[in-house]
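The values are calculated or read from the model by the stated rules, or taken from the named source; none is laboratory data. These figures come from a predicted structure and were not determined experimentally. Positions of Cβ are generated from backbone atoms using ideal geometry, with glycine treated the same way; all protein chains shown enter the neighbour counts.
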Amino acid sequence: MQKIVVFGKGGIGKSTIAASLSAVYALGGKKVIHVGCDPKHDSTVSLVDGALIETFMEKHARIFGIRDHQALGAKDLLVKGRLGIDCIEAGGPEPGVGCAGRGISMMLEAFQELDVLESGAYDVGVFDVLGDVVCGGFAAPLRKGFAEKIVIVVSEELMALYAANNIAKSVRTYASNGVYLAGLVANLKVKDGKSDRKRIEKFAKAIGTSILEYIPRDPAVREAEFARDKTVVERSPKCPFAKSVRSLAAKILAARKADCPIPTPMNDKQFYGGW
Ligand SMILES: Nc1ncnc2c1ncn2[C@@H]1O[C@H](COP(=O)(O)OP(=O)(O)OP(=O)(O)O)[C@@H](O)[C@H]1O
Ligand SMILES: [Mg+2]
């Protein structure tokens, strides 16, 4: 099973890209589990016909308080999405209350207890994780050895690269768990930014990784987002975004640990010193 984790700064395009990746893999005949690791719990929306599914934390409050995990099966945790994709959202506390990363840690513990990932049921797992790895909860997929291939979504904006540098630090920290950085996904905010591309290339070099794909700004993404019923790759399979995501999906599957060196993130002084 290939376990792919999509990290990146808030609002950078993780969920849009992750859901389309899951759809591409499922359309290609793979058995897929899509795991939303964000308290906002909207990663799976386009995979379940626009519905917000009951999150792991909501289920936990409703069922697990009464029955222990062993009495449950993996199917009790998952919602069957379109294209046969099994979906789950970690969920989290109400804003301002509790720790947002805790839901992720608890969900992954339940995965372990119920052998969700090791059951042989899946070819691919796509994890969509908020980029604030300063909180250990969001690094849980790395820490517990759930993750394997990491991709970081960035844009040309400095703070997106700052978050990517931080995520690369986490990848370096947990490299001994078998985690490796497959590369960056450049989801540019501007339509045609040559100098922006150069900057991201320079950044990739500085942290010892490469750019897997450039994703174009595409109005089809917004249309799919408002329609909520399908991923972009299903709704507009010929649009430039869909083409790039299909190319990205193949590159991620082909990435091998031996070809992906441990990243060399910068310290803050180096980052702000220019590179
Ligand atoms: N390539 C693109 N072209 C056009 N719009 C895009 C593109 N990528 C992302 N967007 C838009 O940017 C917004 C943020 O995308 P998305 O929700 O996927 O980001 P995210 O990283 O998952 O955010 P969060 O951290 O809040 O979960 C959405 O409105 C989405 O439609
Ligand atoms: Mg998201």
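Between a residue in region 115-129 that is under 11 Å from SER22 (Cα atoms) and any residue that is within 16 Å of ligand 2 (Cβ to nearest atom) and part of a strand (DSSP E or B), which pairs come within a Cβ distance under 6 Å, given they are 6 or more apart or on different chains?
Taking only residues 6 or more apart or on different chains, the pairs are VAL126/ILE4; VAL126/HIS34; PHE127/VAL5; PHE127/VAL35; PHE127/CYS37; ASP128/VAL6; ASP128/GLY36.
Could you look through region 241-275, keep only residues that are touching a helix residue (DSSP H, G or I) at 6+ places or on another chain (Cβ under 7 Å) and part of a loop (DSSP other than H, G, I, E, B), and pick out the one that is farthest from ALA206 (Cα to Cα)?
The residue in question is ILE262.
List, please: which pairs have Cβ atoms under 9 Å, are six or more places apart or on different chains, and start with a residue in region 21-33 that is without any contact (Cβ under 8 Å) to a residue 12 or more places away in the chain and end with one that is part of a loop (DSSP other than H, G, I, E, B)?
What qualifies is GLY29/ASP123.
Out of everything in region 173-193 that is at pLDDT below 95 and either among the basic types (Lys, Arg) or touching a Phe, Trp or Tyr at 6+ places or on another chain (Cβ under 8 Å) (or both), what residue ends up being farthest from ligand 2 (Cβ to nearest atom)?
Applying the filter and picking the extreme gives LYS191.
Being free of Cβ contacts under 8 Å to residues at least 40 places away in the same chain and either surrounded by 20 or more Cβ atoms within 10 Å (Cβ to Cβ) or among the basic types (Lys, Arg) (or both) narrows it down to one of ILE4, ILE53, so name that one. Show your work before the answer.
On the way: ILE4 fails: free of Cβ contacts under 8 Å to residues at least 40 places away in the same chain.
That would be ILE53, the only listed residue that is free of Cβ contacts under 8 Å to residues at least 40 places away in the same chain and either surrounded by 20 or more Cβ atoms within 10 Å (Cβ to Cβ) or among the basic types (Lys, Arg) (or both).
Do we find that ALA249 is aliphatic (A, V, I, L, M) and within 26 Å of GLY145 (Cβ to Cβ) in this structure?
Working: aliphatic (A, V, I, L, M): yes; within 26 Å of GLY145 (Cβ to Cβ): yes.
Taking the combined requirement at face value, the residue satisfies it.
Please count how many residues of region 132-162 are in contact with a strand residue (DSSP E or B) (Cβ under 7 Å, 6 or more places away or on another chain) and either farther than 13 Å from ALA204 by Cα or without any contact (Cβ under 8 Å) to a residue 24 or more places away in the chain (or both). Explain how you work it out, then say what you get.
From region 132-162, those in contact with a strand residue (DSSP E or B) (Cβ under 7 Å, 6 or more places away or on another chain) are 138, 141, 146-155, 160-161; that's our starting set.
In the following step, the residues that additionally are either farther than 13 Å from ALA204 by Cα or without any contact (Cβ under 8 Å) to a residue 24 or more places away in the chain (or both) were identified as 138, 141, 146-150.
Residues in region 132-162 being in contact with a strand residue (DSSP E or B) (Cβ under 7 Å, 6 or more places away or on another chain) and either farther than 13 Å from ALA204 by Cα or without any contact (Cβ under 8 Å) to a residue 24 or more places away in the chain (or both): 7 in total.
Looking at LEU77, LEU83, can you tell me which residue is more than 16 Å from ligand 1 (Cβ to nearest atom), in contact with a strand residue (DSSP E or B) (Cβ under 9 Å, 6 or more places away or on another chain), farther than 21 Å from ARG222 by Cα and without any contact (Cβ under 8 Å) to a residue 40 or more places away in the chain? I'd like the intermediate steps shown before the answer.
On the way: LEU83 fails: without any contact (Cβ under 8 Å) to a residue 40 or more places away in the chain.
The unique qualifying residue is LEU77.
Among the residues of region 121-142, which ones are farther than 15 Å from LEU78 by Cβ and assigned to a loop (DSSP other than H, G, I, E, B)?
ASP123, LEU130, GLY131, ASP132, VAL133, VAL134, CYS135
Suppose the filter is among the acidic types (Asp, Glu) and assigned to a helix (DSSP H, G or I); does ASP196 pass it? Before you say what the answer is, go through the steps one by one.
On the way: among the acidic types (Asp, Glu): yes; assigned to a helix (DSSP H, G or I): yes.
Judged against the criteria, ASP196 is a match.
Which pairs do you get when a residue that is closer than 17 Å to VAL116 by Cβ and among the hydroxyl-bearing types (Ser, Thr, Tyr), found in region 35-47, comes within reach of a residue that is in a strand (DSSP E or B) and within 9 Å of ligand 2 (Cβ to nearest atom), reach meaning Cβ atoms under 8 angstrom, with the pair 6+ apart or on two chains?
SER43/GLY36; SER43/ASP128; THR44/GLY36
With the requirement that a residue be over 17 Å from LEU27 (Cα atoms) and either crowded, with 20+ Cβ neighbours inside 10 Å or within 15 Å of ligand 1 (Cβ to nearest atom) (or both), what does region 218-254 give you?
Keep residues of region 218-254 that are over 17 Å from LEU27 (Cα atoms), which gives 218-228, 240, 254.
If the condition is that a residue be over 17 Å from LEU27 (Cα atoms) and either crowded, with 20+ Cβ neighbours inside 10 Å or within 15 Å of ligand 1 (Cβ to nearest atom) (or both), then ASP218, PRO219, ALA220, VAL221, ARG222, GLU223, ALA224, GLU225, PHE226, ALA227, ARG228, PRO240 are the ones that fit.
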